[in-house]
Every structure is written in structure tokens, then in C-alpha cells.
Amino acid sequence: MGLITRYRERLPFAPGDPVVSLEEGSTPLVLAERVSERAGVEVWLKLEGANPTGSFKDRGMTCAVSDAVRNGMEAVICASTGNTAASLAAYAARAGLRGAVIVPEGKIATGKLAQALMHGAKVIALRGNFDEALKLVRELCEHHPIGLVNSVNPFRLEGQKTAAFEVLDELGELDALCIPVGNAGNVTAYNKGFVEMGVRPRLFGFQAEGAAPLVHGAPVANPETVASAIRIGNPARWEEAMEAFTSSRGAVRAVSDTQILDAYRFLAAHEGVFCEPASAASVAGLLTHGVDGAERVVCVLTGHGLKDPQTALSQAGAVVPCEPHIAAVEKAVLG
């Protein structure tokens, strides 16, 4: 069942309210034995790439779009580095709404762009970065009856907090959560979910070095990183995220693109888990910085690796050519 149905008593939806769902949520929580060995702690991976459009964004989108339908909206819009665009497009199609997304020109991974286009959303490539796109869509929605479904929408956080419920349902308890940080809505949502359940694991957020405004304490005008999903220079949930880190006795730290890609390859080759580069920031942060004595740790992997096939191909081994006879096949396979 979808997460609104599963957790309705903990969400702002009454029986009879419209629900736009693709049966999101209930994603796997996998023990990562080789990451655990390398990190020296018990590590679990929350595989949010198993959501319908391949990222955690579906959790918030089911709530945001359901609320838009409830309020009689005919269209929804967002600014996006890619995953929100894909999710908006799918849920808008499901709801029968018009969808539009504004993405930074040339800065969206191929898989995410393909999703948004295939689901029928209008995709606008802005000659600017994500932060400029978000400012413009917020201004647009002030003057037109269009539903804004970025993480500034509180219903996004309501849906995303259910991931914290699921972690607790399966593990019972944890000491720390490691999570990539871009616009900072997801760590804010996890914190909200944990607080509502009366538990306070330590929250450790990780940003890419080239897009680390929370680490530096100031916006980054031109954020750059291979991890496109967290290429954001001025997070919308800045204050809430910093409060979450401080109140949980956690921290926000930076990891390099090299460290992100090392974790990205390690997860695929040694755990069988193919995530997008930004997702691997949580594991890269754990391996680089540790978790200050925590023993049971959950790393959130926010999106599936097929979101960004170009980066995958640039990091993987080459295809082996082979002639169509047994000797050549034996040499290719065994030699």
C-alpha cells in the first residue's frame, strides 16, 4: 500500500481525501556487511531508489500532489536538479494534472530528464542554477494558481518523514543516520519523523565539497559537483536542517567528488547496490569522517544509479568485444 494509506494517522489526510499514489514507500533496508567491515560499525542501507520513480522524492510528492488535488489545483510546478522533476511529472500524470519543471540547463542527469519528458511534463531549461530556478518558481506561484511542490511545501516533508517511521519499524533503534544534503528538506523530514516517534538518533549530513553551504556557513554562488542531485548552493531548509544537526548532537560535513565516486563504485561492486552519485555521499561521509562512536548506523541512499547512466559508464569497466566462436568466447570469459 502507498504511504498515505499506511501512515494516515500520522499524516494530514483524512479518510475520504483524494490520494494520488504509485504505491511508494516500504523501501528495503539492507545490512551492508562489507561497508560495515570497512567502517568498523554496523551499517544499514535505506534503498530509496526502490521508490516508483527511483528516488526518495516520491514520498513527498504523493502528499504534495494529493494536497494539490484536494485544493482544486489544475497544475503543479517545481524547480529541480532532476529527481523532483521526475517525481512531479509521474505524480502529475497519475493525477491528471498539468506539470511543469524548471531545471538548470545542461545540469540534469540523462535518466531524470528522460523520465520528466516521458511523463509529459513541460521541461524548461533555465540558463541559471537551481537556486535561481527555485526563486523564480516561488515568484510564479505567488501570481498564478499553480501548486508549488518543492520541499518548501510542508506536505513534502510530511511524506518524507515516513522513511524515519520505516527505519524504526524495521530496526527498532539506531544510533545515527547518515544522509546526503542538498536542499536540506530530507534531513529536516527525517528529524521530524524521529521526533514524532520520540527518538533522537544523531544526524550526520554530508555535502559535496563544491556545494557545501551548510559546512561553510554561507551560500555558494556557483555550486559544482559530480553529484548533481545535491548541487545546490543555498538550501531552502537551511535553518531547519542546522537545528536538526545541532539538537541531535550530529554534524554536517563535506566530502570530495573523489570520495563520493569511491563509495559509489564500492557499493556497486561489493554490496550489489547501484545508487546515483549523490546517494553515495552518505557512505562516503561515514567512511571519511566516521560517526563519533555510534554503533548502529543507517545510510540513506536517495536515488537509483540508473538516474545517471553517463556517470556510471564513465566509472565502469569497458565492454569486451568478442568474435562469434568458442575459442574467442573462452578467451574473453576466462582469459
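Where a number appears in this text, it was derived from the coordinates with a stated rule and is not lab data. Owing to the predicted nature of the structure, the values given are computational and were not obtained by experimental measurement. Please note: Cβ atoms are built from the backbone with ideal geometry, for glycine as well, and neighbour counts cover all protein chains shown.
Quick check: from the Cα gyration tensor, does the range 230-329 come out rounded (a/c under 1.5), prolate or oblate? It is prolate, given that a/c is not under 1.5 and a/b is the larger ratio. Among the listed pairs Lys46/Lys112; Lys112/Lys192; Lys107/Lys161; Lys161/Lys307; Lys161/Lys192; Lys112/Lys161, which are separated by more than 18 Å between their Cα atoms? Lys46/Lys112; Lys112/Lys192; Lys107/Lys161; Lys161/Lys307; Lys112/Lys161, as the Cα separations exceed 18 Å there. Counting only DSSP beta bridges with both residues in the chain, tell me the antiparallel percent, nearest 5. Among the beta bridges of the chain, antiparallel pairing accounts for roughly 15 percent. Of Leu136, Asn83, Gly147, whose Cα points farthest to the positive end of the dipole of the range 57-154 (charges on the beta-carbon: +1 Lys, Arg; -1 Asp, Glu; origin at the Cα centre)? Of the options given, the answer is Asn83.
Only helices enter the 222 nm calculation for the chain: every DSSP H run of n ≥ 4 contributes -39,500 (n - 2.57), and dividing by all residues gives -12500 deg cm²/dmol, rounded to 500.
List the equivalent ellipsoid semi-axes of the range 166-280 in whole Å, largest first, each obtained as the square root of 5λ for an eigenvalue λ of the Cα gyration tensor. Each step should come with its number before you reach the end.
On the way: eigenvalues 104, 80, 20 Å².
Calculated on Cα positions only, the semi-axes equal 23, 20, 10 Å.
Protection proxy ranking of 38-51, 114-127, by the mean of other Cβ atoms within 10 Å over each peptide's residues and highest first, is 38-51, 114-127.
Each residue of the range 48-62 was assigned a 3J(HN,Hα) from its phi angle through the Karplus expression (A = 6.51, B = -1.76, C = 1.60, θ = phi - 60°), giving 6, x, 7, 5, x, 9, x, 8, 4, 4, 4, 4, x, 5, 4 Hz with x at Gly and Pro. The alpha-carbon of Lys57 sits under 15 angstrom from the alpha-carbons of these aspartates and glutamates, leaving out residues fewer than 8 places away in its chain: Glu23, Glu24, Glu48, Glu158, Glu276.
Taking one equal scatterer on every alpha-carbon of the chain, how large is log10 of I(q)/I(0) by Debye at q = 0.08, 0.14 1/Å? Results for the chain at q = 0.08, 0.14 Å⁻¹ read -0.36, -1.05. Hey, how many Å between the Cα centroid of the range 99-162 and the Cα centroid of the range 187-242? Distance between centres, Cα-based: 18 Å. Residues Ile4, Ile326, Ile260 in ascending order of nearby Cβ atoms (within 10 Å, fewest first): Ile326, Ile4, Ile260.
Applying 0.36 nm per residue to the separation of Ala328 and Arg265 and subtracting their alpha-carbon distance, the gain on full extension is 19.8 nm.
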